[in-house]
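Down below is the structure, laid out as structure tokens.
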Amino acid sequence: MERKAFEKIVEEEVKKLPKIFRERLENIEIIIEDEPIEQKSLLGLYQGVPFRHRGIWYGNVMPDRIILFKNNIEALSHNDEELKEWVNRVLIHEIGHYFGFGEEALRKAGY
């Protein structure tokens, strides 16, 4: 899939996120990379200070990042609908990390 088409899907899936999530996302950017450098099987990655751990000291910092790995997500998808589902699932998983949820909690919730 062309990168622009993938970016458009990501934008659409972000807009579909529940309003309660979208309104609370602060100082974060969503980045698309082709594939991870180290852990080759990753679909997404959150880098930053989780929202619930930010204190009064939190300010004037670079944005947190959610990275989506395009090639890995595409490899799991047989069609555009599956791709959209995977993008949504990975976004929610990484946003969960942004809000401070660990891997175990997110997996129990199905993400």
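Hey, among the residues in segment 33-59 that are surrounded by 10 or more Cβ atoms within 10 Å (Cβ to Cβ) and of a type in the set (Ser, Thr, Tyr), which one's nearest to the chain's Cα centre (by Cα)?
Tyr46
Residues checked against (1) in a loop (DSSP other than H, G, I, E, B); (2) among the aliphatic types (A, V, I, L, M); (3) closer than 11 Å to Tyr98 by Cβ; (4) touching a residue at least 40 places away in the same chain (Cβ under 8 Å):
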residue: Glu26; (1), (2), (3), (4): yes, no, yes, no
residue: Ile31; (1), (2), (3), (4): no, yes, no, no
residue: Pro36; (1), (2), (3), (4): yes, no, no, no
residue: Leu68; (1), (2), (3), (4): no, yes, no, yes
residue: Asn72; (1), (2), (3), (4): no, no, no, no
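Would you point out the residue of segment 38-59, among those that are part of a loop (DSSP other than H, G, I, E, B) and of a type in the set (D, E, K, R), that is modelled with the lowest pLDDT?
Keep residues of segment 38-59 that are part of a loop (DSSP other than H, G, I, E, B), which gives 38-43, 48-50, 54-59.
When the remaining residues are screened for being of a type in the set (D, E, K, R), the result is 38, 40, 54.
Working: Glu38: 89, Lys40: 91, Arg54: 81.
Step by step, filter segment 38-59, then rank; the result is Arg54.
Could you please find all residues in segment 74-104 being closer than 19 Å to Lys16 by Cα, part of a helix (DSSP H, G or I) and of a type in the set (A, V, I, L, M, F, W, C)?
Leu83, Trp86, Val87, Val90, Leu91, Ile92, Ile95
The values are calculated or read from the model by the stated rules, or taken from the named source; none is laboratory data. Since this is a predicted model, take the numbers as computed values, not measurements. All Cβ positions, even for glycine, are placed from backbone atoms using ideal geometry, and neighbour counts span all protein chains on display.
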